[in-house]
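Right, one structure below, let's go through it.
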Ligand SMILES: C[S@@+](CC[C@H](N)C(=O)[O-])C[C@H]1O[C@@H](n2cnc3c(N)ncnc32)[C@H](O)[C@@H]1O
């Protein structure tokens with residue numbers, strides 16, 4: 001196990017080392033090496049995306065939470081499912097490309113099923129039209145998962161189900177965010193889903209790049225499958 005060193009400067013250096021990586025596989029390898037310290041490091045960053053996504057889902061979900069099946073895509077160590085559990089959801093399936101992150105998710109005992117998949121390279125390994133809630137937090141951004149994967153998120157939800165996604169709004173991620181939003185809108189025009197709410201959040205997480213200071217902003221998108 002790695003030594004605990006979770007000062008902000010240390011966490012910043014860890015994250016900036018990953019920004020040099022270019023391919024999705026490099027990124028997943030980075031998460032394999034970061035997994036053990038991930039939860040404590042993102043706490044230092046004041047990473048609020050899991051709770052913000054869970055709040056958005058919770059305030060619009062009108063079904064039976066105990067019976068609902070939630071698909072957590074890019075689940076990491078399980079922070080999103082833990083937040084959703086506190087809102088009364090109990091049944092979770094998780095998917096991630098990093099074996100080390102999946103191991104920690106497994107140890108959390110929050111998920112009934114966990115699967116490994118490289119998003120963008122292979123299809124989501126799930127049945128389409130099945131899930132009451134599909135959530136993807138912290139992985140739709142430059143250098144991680146291609147924006148086009150949101151089509152598979154929509155396919156995996158059941159009609160009437162909700163799909164929640166997040167992205168960062170900082171300088172480095174602007175182009176990715178614009179591509180993502182074009183895809184979300186295009187899918188709405190195709191009649192695949194309707195937008196329930198978009199929440200822009202100013203204090204998303206602490207900034208780590210040289211160009212930014214304080215907090216960067218981010219966005220939570222909530223859609224309903226038609
Ligand atoms: C910032 S973490 C977010 C984890 C969790 N959703 C959370 O909010 O704490 C990003 C996760 O996406 C996964 N990931 C990144 N790119 C991926 C890809 N192309 N395929 C599968 N998983 C990927 C990483 O392994 C990591 O667990």
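The fraction of all Cα pairs in the stretch 50-128 landing in successive 5 Å bins from 0 to the largest distance is 3, 16, 27, 23, 19, 10, 2, given as whole percents.
Label-to-label distance, residue 169 versus residue 182, with points set 7 angstrom from Cα along the beta-carbon direction: 2.1 nm.
When the alpha carbon gyration tensor of the stretch 109-226 is reduced to an equivalent ellipsoid, its three semi-axes come out at 25, 17, 14 angstrom, largest first.
Working from the pairwise distances between different alpha carbons, so that the mean of 1/r is found and then inverted, what is the stretch 31-83's Kirkwood radius in Å? Its Kirkwood hydrodynamic radius stands at 12.6 Å. The C-alpha atoms of the chain define a longest principal axis, and helix 8-19 lies at about 70 degrees to it.
Using the Kirkwood formula on the Cα atoms of the chain, what hydrodynamic radius do you get, in angstrom to one decimal?
Numbers: mean 1/r = 0.0569 Å⁻¹.
Taking every pair of different Cα atoms in the chain, averaging 1/r and inverting gives 17.6 Å.
Relative to the longest principal axis of the Cα atoms of the chain, helix 99-108 runs at roughly 70 degrees. Scattering from the stretch 163-218 was approximated by placing one identical point on each alpha carbon and applying the Debye formula without solvent; log10 I(q)/I(0) at 0.19, 0.25 1/Å stands at -0.72, -1.02.
The value obtained for the stretch 116-163, namely the Cα convex hull volume divided by the number of residues, is 73 Å³ per residue. I'd like the antiparallel share, as a percent to the nearest 5, of DSSP beta bridges with both residues in the stretch 46-225. Restricted to the stretch 46-225, the bridges split so that about 45 percent are antiparallel. Compared with the dominant Cα axis of the chain, that is its longest principal axis, helix 49-60 is turned about 20°.
Give me the compactness ratio for the stretch 1-102, meaning the Cα radius of gyration over 2.2 N^0.38 Å. Mind dumping the intermediate values first?
Values: Rg = 15.3 Å, N = 102, 2.2 N^0.38 = 12.8 Å.
Taking N as the residue count of the stretch 1-102, the ratio is 1.20.
Any chance you could check the Cα centroid distance between the stretch 184-206 and the stretch 129-181 for me, in angstrom? Going from one Cα centre to the other spans 9 Å.
Every number in this text was worked out from the coordinates using simple rules, so none of it is lab data. This one's a predicted model, so the numbers in the text were calculated from it and none came from an experiment. Quick reminder, even Gly has a Cβ in these numbers, built from the backbone with ideal geometry, and neighbours come from all protein chains shown.
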